[in-house]
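Report on the structure given below.
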Amino acid sequence: MPAKSRRNLLLVAGALLAAAVAVPVASATPETAGQPGIVGGQPAAVAQYPFAVFLTDENGSQFCGAVLIGENSVATAAHCAKAVTKTNLRVVAGRQDKRVKDGTVSTVSDIWVNPDYTDPGTGNDIALLTTSTRLRYDTAQVTQTARYYAENTMATVLGWGRLKDNGERSDVLRSVDVPMISDASCKTAYGNYDPSTMVCAGYANGGKDACQGDSGGPLVVGKVLIGIVSWGVGCAQPGKPGVYTRVSAFADELEKRSNRGLF
Ligand code: ARG
């Protein structure tokens with residue numbers, strides 16, 4: 001083998017080794033490992049949740065989460081889609097740590113906001129973004145069935161939002177597992193709870209929840225998308241569960257509007 005190819009081979013081997021060593025460091029540095037999560041969670045790997053993406057403004061400042069459901073299709077909360085203009089909106093995929101520049105950044109060519117949406121407290125908090133760039137990452141699967149909403153089903157919520165109510169924002173993707181709550185209990189917690197387009201998750205004693213900045217992000221069972229982070233009173237408070245957009249109510253609409261990238 002010529003010396004030059006041998007050197008290139010060594011460089012490639014070195015880079016692979018560096019990458020293999022770097023990944024666990026990025027997913028749980030000593031400073032972040034074991035600290036409270038989203039609220040009460042832990043750092044998570046985008047390799048495990050490739051459909052977890054985030055939204056930034058034109059300056060790269062993260063303000064919401066979102067979820068990849070087709071290679072040009074990203075579901076989020078309506079209140080997130082309306083937070084900045086279409087021109088200024090960016091979707092960032094494949095980036096676990098907001099401080100580094102890896103993954104793919106795309107502008108948005110089209111925004112569908114559920115026409116029934118007015119504000120999170122009245123529900124219907126869902127939107128679909130069409131990205132200008134193909135985001136070639138594994139997608140989440142939109143649920144078509146109600147079975148995931150059964151009381152006490154465990155689901156995972158993902159995001160880059162605050163670590164506690166009004167607290168610091170996370171630099172890295174975090175996850176926390178929460179049980180689904182019955183419509184009756186959620187109605188007790190929130191008078192404006194509307195089970196036709198919302199669903200609640202969390203522990204009666206609080207402690208684990210999504211928080212500000214997590215809005216628009218996914219609530220999943222495995223790879224199945226069942227909720228979109230929408231609202232709550234504070235974060236992780238006893239008796240005040242997280243409220244999510246009930247994705248099954250919009251499955252047909254999302255299916256119809258999303259480009260699943262089959263070609
Ligand atoms: N509305 C918040 C946002 O824009 C999400 C709040 C979720 N709160 C909760 N306690 N689960 O990021």
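The values are calculated or read from the model by the stated rules, or taken from the named source; none is laboratory data. This one's a predicted model, so the numbers in the text were calculated from it and none came from an experiment. Don't worry about glycine lacking a Cβ; one is built from the backbone with ideal geometry, like all the others, and counts go over all protein chains shown. The area values use the complete protein model at the heavy-atom level, side chains included, leaving out ligands, DNA and RNA. Shrake-Rupley method; radii C 1.70, N 1.55, O 1.52, S 1.80 Å.
Overview of values
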{"quantity": "Projected label distance in nm at LYS82 and THR133, using a 7 Å step from Cα toward the beta-carbon", "calculated": "2.9"}
{"quantity": "Translational diffusion of the stretch 65-130, µm² s⁻¹ [Kirkwood Rh, Cα pairs; Stokes-Einstein; 25 °C; 0.890 mPa s]", "calculated": "196"}
{"quantity": "The stretch 54-206, accessible area per residue, ligands and nucleic acids excluded (1.4 Å, Å²)", "calculated": "42"}
{"quantity": "Sites THR153 and ALA47 - FRET efficiency at Förster radius 25 Å, r taken between beta-carbons, to 0.05", "calculated": "0.50"}
{"quantity": "Under 11 Å, Cβ to Cβ, from GLY232 - net charge with Lys/Arg +1 and Asp/Glu -1", "calculated": "-2"}
{"quantity": "Per-peptide average of other Cβ atoms within 10 Å, ordering 210-222, 80-92 highest first", "calculated": "210-222, 80-92"}
{"quantity": "Simple Cβ-charge dipole of the stretch 92-192, Lys/Arg +1 and Asp/Glu -1, about Cα centre, in debye nearest 20", "calculated": "400"}
{"quantity": "Accessible carbon and sulfur surface of the stretch 148-188 relative to its total accessible area, %, 1.4 Å", "calculated": "43"}
